[in-house]
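Before I ask anything, here is the structure I am working with.
The values are calculated or read from the model by the stated rules, or taken from the named source; none is laboratory data. The structure presented is a predicted model; accordingly, all values stated were derived computationally and were not measured. Because the Cβ atoms are built from the backbone with ideal geometry, glycine has one as well, and the counts that use them run over all protein chains shown. Remember, those area values only see protein heavy atoms, side chains included, never the ligands or the DNA or RNA. Shrake-Rupley method; radii C 1.70, N 1.55, O 1.52, S 1.80 Å.
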Amino acid sequence: MVVRRPPGRRAQILAVAADRFHRSGYHQVSMTEVAAGVGITAPALYRHFRGKPELLDRAVRLGLDALAEGLRAARTPADLGTALAAVAVGHRPLGTLVQRDARLLPPARRAALRRELRADVALMTAVLRAERPELSAGDSELLCWSALSACAGLSYQSAAPQPRRAEALLRGMVAAVLAVPVDGAVPLGGAAAGSVGVPVARPAPEPRPRARREELLAAAVRLFHQRGFDNVSTDQLGAAVGISGPSVYRHFDSKAELLAASLVRSRERLWHEVDGAIAAAAGPGAALEAGLGAYVGFALRNGDYLGAMLSETERLAPPDRRAAVDFRRDFLRTWVGLLRQVYPGYDAATARIRVHALFALVNDGVRNRPHSARPDLGDCLLRLGRAVLGVPGEGPL
């Protein structure tokens, strides 16, 4: 007797795998768990996919194929917003899979993924420059990457939003991002007519020399972000600060403890800078602007931490992982509450989508080459951040 596989089984497997990877992180999900989510055995799953890397690759490709299809049909910036919003809602795990888990794919597939994303941005850039011919290629690409990132922020919502409302909101955010003027942006510390006028916090440099423990914390954040926790050895960590690998254990009991401590130190600095700026401001409107400036300033100096926080939190021991997740929730809650004070018409769901879009846009912006090397990136990110938060114009609130 021939046993026929149910139609759409591969699509069902990919949907379950994408959801599991999205919620728990690639390393925390087993093939057995994916098979159970589909209602089949692990051996049956292996008849469809050879292993987790192929599952991740196919899940990412499924979302990117949908994105490319929508963008190829776009003729106006409004069409771009429609395509991006539809994929963000219909393939909600895609943002975290691309930004967090895709780095675990084999090098050749990572390179192919980057090429596919660049091709998508090229499609968007052609449409945008037809509407805004004054934009340079670099400025147009920055706006298009930012629109992609803002929509990817929806992936970080803990609960699925109402689809139609989310799509409408994302379309509006994409339109706002693609309309941002960047020709008058100025480097940090500069001033020009039309600039956003929000100072980007730039704390004084730390005194030198730093204690060896502090050097290790800084090196760990950088290396874990660039190479991934599993690909960094204690010998490499030691070499980064001029000591032997075994000497690392004089300061930390394990590599996992070093990861946890480095993320704790970084988020303490993030909270100190941003909450301090918010608390010192006079009124909600000024506090929102001050917080935005502080967050952009922190991101420009600490892109490695933001990347490690995104990609390596799942590698923490359960108590440390819970502490990291609790911090993210508290940080988000602060921003959502502040945004709703400034704009009482925003309900909680709207504010959360906007704040997640802000974080994704800024976090990607400081790490996305070649645009991360722009001398005016800070001012550009301030303008783009105001756009996704729904702040009208460019003057003080």
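Could you work out the relative contact order of the stretch 113-180, using alpha carbon pairs under 8 angstrom and six or more residues apart, expressed as a whole percent?
Working: 26 pairs, mean separation 23.9, N = 68.
35 percent.
Which of rounded, prolate, oblate describes the stretch 296-397, given a ≥ b ≥ c as roots of the alpha-carbon gyration tensor eigenvalues and a/c under 1.5 marking rounded, otherwise prolate only if a/b is larger than b/c? Working shown, then result.
On the way: a/c = 2.72, a/b = 1.14, b/c = 2.39.
Here the stretch 296-397 falls in the oblate category.
Find which of Q226, V60, L389 sits farthest along the positive direction of the dipole of the chain, computed with +1 on the beta-carbon of Lys and Arg, -1 on that of Asp and Glu, about the Cα centre.
Of the candidates, V60 comes out farthest on the positive side.
As a check on your grasp of the helix formula, calculate [θ] at 222 nm for the chain: sum -39500 (n - 2.57) over DSSP H runs of n ≥ 4, divide by the residue count, round to the nearest 500. Mind dumping the intermediate values first?
On the way: 16 runs with 254 residues, N = 397.
Estimated from H runs of four or more residues: -21000 deg cm²/dmol.
Quick one, could you list the DSSP H helices from the chain stretching 20 Å or more along their long axis (Cα atoms) with average Kyte-Doolittle hydropathy of 0.5 or above? Intermediate results must be reported in sequence, preceding the final value.
Values: long enough: 9-24 (22 Å, -0.41); 52-72 (30 Å, -0.07); 107-131 (36 Å, -0.07); 137-152 (22 Å, 0.81); 163-178 (22 Å, 0.62); 212-227 (22 Å, -0.49); 255-280 (37 Å, 0.05); 284-301 (26 Å, 0.83); 318-342 (36 Å, -0.52); 348-365 (25 Å, 0.67).
Correct list, ordered by number: 137-152, 163-178, 284-301, 348-365.
While we're looking at this one, here's another question. How much solvent-accessible surface does L104 expose, in Å² to the nearest 10, with a 1.4 Å probe and all protein chains in place?
70 Å²
Would you mind telling me the share, in percent, of accessible area of the stretch 273-397 contributed by carbon and sulfur at probe 1.4 angstrom?
Details: 2500 of 4540 Å².
Answer for the stretch 273-397 is 55 percent, counting heavy atoms of protein chains only.
Turning to a different aspect of this structure: Keeping all protein chains in place, calculate the accessible area per residue for the stretch 224-324 (probe 1.4 angstrom), answer in Å².
On the way: 4140 Å² over 101 residues.
Ligands and nucleic acids excluded, the figure is 41 Å² per residue.
With a cut-off of 8 Å between alpha carbons and a minimum separation of six or more residues, what is the relative contact order of the chain in percent? Please list the in-between numbers first.
On the way: 473 pairs, mean separation 73.9, N = 397.
Here the relative contact order equals 19 percent.
What FRET efficiency comes out for the pair R114/D330, r = Cβ-Cβ distance, R0 = 25 Å, nearest 0.05? Working shown, then result.
Numbers: r = 34 Å, r/R0 = 1.34.
The pair R114/D330 has a calculated efficiency of 0.15.
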